[in-house]
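Here is the structure we will look at, set down as structure tokens.
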Amino acid sequence: QVQLVESGGGLVQAGGSLRLSCAASGRTFSTYAVGWICQAPGKEQEFVAAIRWSSSSTNYADSVKGRFTISRDGAKNTVYLQMNSLKPEDTAVYYCAAQGKWGVEARISAYDYWGQGTQVTVSS
């Protein structure tokens, strides 16, 4: 079992930055891929980014390429999402999720373990 806890959300003006953190407990991330998925009010969940722990290979949604960076810290068993040049349309609840079967998977249904989510609000 993997327990995930997100932090770092908040309110920021357009053009600003936030860094989200996803800390794991229960098991290490060593055999997993970790993704960030967001859900805006009234919309379906959307894939944002993923990282494979063992190789650090990454995958990004087109909408965030060049603005967001996913990374990991092995010593802290934590995955980060650095969000720069934020736009009002980035406003959503951001969830950290993990799965141990696939690579840097964009398919949301592949993820087995989920955190509780952290709210990101970008004002115009």
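The values are calculated or read from the model by the stated rules, or taken from the named source; none is laboratory data. If you're wondering where the values come from, they're calculated on a predicted model, not measured in any experiment. Neighbour counts run over all protein chains shown; Cβ positions are idealised from the backbone, glycine included. Accessible surface areas use protein heavy atoms only, side chains included; no ligands, DNA or RNA. Shrake-Rupley method; radii C 1.70, N 1.55, O 1.52, S 1.80 Å.
Details
- Selection of the range 64-86 for residues being surrounded by 15 or more Cβ atoms within 10 Å (Cβ to Cβ), at pLDDT 95 or above and part of a loop (DSSP other than H, G, I, E, B) yields 64, 67, 86.
- Residues that are within 10 Å of the chain's Cα centre (by Cα) and either over 26 Å from residue 26 (Cβ atoms) or of a type in the set (Phe, Trp, Tyr) (or both), drawn from the range 42-59: 47
- Any hit, the range 46-56, residues being touching a residue at least 12 places away in the same chain (Cβ under 8 Å), out of contact with any His (no Cβ under 9 Å at 6 or more places or on another chain), surrounded by fewer than 17 Cβ atoms within 10 Å (Cβ to Cβ) and in a strand (DSSP E or B): yes
- Flag if residue 23 is open to solvent by less than 30 Å² (accessible area, probe 1.4 Å) and at negative phi: no
- Of all residues in the range 106-124, those satisfying the criterion of being part of a loop (DSSP other than H, G, I, E, B) and open to solvent by 40 Å² or more (accessible area, probe 1.4 Å) are 106, 107, 112, 116, 124.
- Restricting the range 101-124 to residues that are within 14 Å of residue 5 (Cα to Cα) and aromatic (Phe, Trp, Tyr), the residue that is farthest from the chain's Cα centre (by Cα): 113
- Long-range neighbours under 7 Å by Cβ, at least six apart or interchain, first residue on the phi < 0 side of the Ramachandran plot and β-branched (Val, Ile, Thr) within the range 113-124, second crowded, with 18+ Cβ neighbours inside 10 Å and not in a strand (DSSP E or B): 118/9; 120/9; 120/90; 120/91; 121/91; 122/86; 122/90; 122/91
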